[in-house]
Amino acid sequence: MTEEQEVIAVDGPAGSGKSTVSKELAKRLDWDYIDTGAMYRCLCLKALQSSISVEDEDSLVDLLNDTTMRMSFKDDGLKVFMDGEDVSKDIRRNRVNQQVSKVAALPGVREKLVEKQQALGEEGKVIMDGRDIGTVVFPQARYKFYLDATLDIRAQRRYNELQQASEDVSFNSVVEEIEERDATDRGRASGPLKPAEDACIIDTSDFTIEEVVEKIMEKIEAKQDA
Ligand code: DC
């Protein structure tokens, strides 16, 4: 077994609270934060802009080779840049939500993005959220968490986010979209969504963000003291 890496892996389905919790942890610990879902979202956005099918693996891998992605996490939040342009808002739009899991199901795309993610986390002191961080990207991460919540609560959280972004969607369509995305993310052969065997699983349905962060901090501190 290789040495543990100074990485906190936070995995879980859409709307489980991963990114909000991860950002808060990053602030408290003064570690960097990498949102790996944003990388799949950038590629999906670029494919939609370039009229490339989100299922055309070869073209998407070529597109990825021709794309730069950068993230900056500061006090004013996470900013995502694709080819030098700030796409932080565009990658959260509903049309990307609807298509991104198809892009993320392609093994050639995953292979390339996993490599990028491993390079980004190499230096340590990083919190990375996604679906396969504890299982594939950093199986040697020192800390692994898997957040979950009921479908209804996850859909409500996503619906609220979309409302705030002035997207015109119905609650039922968000439920359907999340169900569909979960099924694709769980069912794919390459890096499926599942908890790592050694992950700490937290159901966030009945907890506030603050409470989840506290629970995670307790686990981290307990492990640091052990
Ligand atoms: O976390 P998110 O909703 O931004 O993720 C967008 C999509 O990318 C979602 O369908 C799952 C997928 N994804 C993935 O397959 N692996 C990751 N490490 C992160 C996200």
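Quick note: the coordinates plus some simple rules give every number you see, no bench work behind them. Since the model is a prediction, treat every value here as computed from it, not as a measurement. Note: ideal-geometry Cβ built from the backbone for every residue, glycine included; neighbour counts use all protein chains shown.
So how far, in whole Å, is the C-alpha centre of the stretch 32-60 from the one of the stretch 165-198?
That distance is 16 Å.
Give me a comma-separated list of calculated 3J(HN,Hα) values for the stretch 64-81, in order, Karplus coefficients 6.51, -1.76, 1.60 applied at θ = phi - 60°, integers in Hz, x for any Gly or Pro.
Coupling constants for the stretch 64-81: 4, 5, 9, 10, 9, 10, 8, 10, 9, 10, 10, 4, 8, x, 8, 10, 10, 10 Hz.
What are the semi-axes of the equivalent ellipsoid of the stretch 20-145, taken as the square roots of 5 times the eigenvalues of the Cα gyration tensor, listed largest first and rounded to whole Å?
On the way: eigenvalues 117, 57, 30 Å².
So the equivalent ellipsoid measures 24, 17, 12 Å along its semi-axes.
Residue by residue through the stretch 108-123, which ³J(HN,Hα) values in whole Hz follow from phi under the Karplus form 6.51 cos²θ - 1.76 cosθ + 1.60 (θ = phi - 60°), with glycine and proline marked x?
So the Karplus estimates, Gly and Pro as x, are x, 5, 4, 4, 5, 6, 4, 4, 4, 5, 5, 5, 5, x, 4, 6 Hz.
When the distances between all Cα atoms of the chain are binned every 10 Å from zero, what whole-number percent does each bin get?
8, 34, 40, 17, 2, 0
How would 133, 52 line up from fewest to most surrounding beta-carbon atoms within 10 angstrom?
Least crowded to most crowded, the residues run 52, 133.
Once Rh for the stretch 1-71 is found with the Kirkwood sum over Cα pairs, what is the Stokes-Einstein diffusion coefficient at 10 °C and 1.306 mPa s, in µm²/s?
D = 110 µm²/s.
Determine one quarter of the surface area of the Cα convex hull of the stretch 126-226, which equals its mean projected area, and express it in nm² to one decimal.
About 7.6 nm², averaged over all directions.
What number comes out for the charge environment of residue 215, summing +1 per Lys or Arg and -1 per Asp or Glu over other residues with Cβ under 15 Å away?
Details: positive: 18, 28, 144, 219, 223; negative: 24, 148, 203, 206, 210, 211, 214, 218, 221.
It works out to a net charge of -4.
Quick one: which residues, 5 or more positions from residue 141 or on another chain, have an amide H under 5 Å from its amide H? H modelled 1.01 Å from N in the peptide plane, none for Pro or chain starts.
5
Among 59, 33, 155, which residue has its Cα furthest toward the positive end of the charge dipole of the stretch 20-166, with +1 on Lys/Arg Cβ and -1 on Asp/Glu Cβ?
Ranked along the dipole, the leading option is 155.
Give me the net charge of residue 171's neighbourhood, meaning all other residues with Cβ under 14 Å from the Cβ of residue 171; Lys, Arg count +1, Asp, Glu -1. Before the final figure, lay out each step's value.
Details: positive: 154, 157, 158; negative: 152, 161, 167, 168, 176, 177, 179.
That sum, taken over residues with Cβ under 14 Å, equals -4.
Sorted from fewest to most neighbouring beta carbons within 10 Å, what does the list 48, 29 look like?
Ordered from fewest to most neighbouring Cβ atoms within 10 Å, 48, 29 come out as 29, 48.
Tally Lys/Arg at +1 and Asp/Glu at -1 over every other residue whose Cβ is under 10 Å from the Cβ of residue 11; what's the total?
Details: positive: 18, 131, 144, 194; negative: 129, 132, 148.
Neighbourhood net charge equals +1.
Under the rule of at least 5 residues apart or a separate chain, name every residue whose amide H is placed under 5 Å from the amide H of residue 200.
144, 145, 146
Beyond 19 Å between alpha-carbons counts as too far, so tell me which of 46/194; 79/144; 74/125; 144/215 fall in that bin.
Beyond 19 Å: 46/194; 79/144.
Through the Karplus equation 6.51 cos²θ - 1.76 cosθ + 1.60, θ set to phi - 60°, convert the phi angles of the stretch 160-168 into ³J(HN,Hα) values in whole Hz; use x for Gly and Pro.
So the J values, rounded to whole Hz, are 4, 4, 5, 4, 5, 8, 6, 8, 8.
So if I place +1 on the C-beta of Lys and Arg and -1 on the C-beta of Asp and Glu, and nothing else carries charge, what would the dipole magnitude of the chain be about its Cα centre? I want it in debye, nearest 20.
Working: 31 positive and 47 negative charges, 44 e Å.
So the dipole magnitude of the chain works out to roughly 220 debye.
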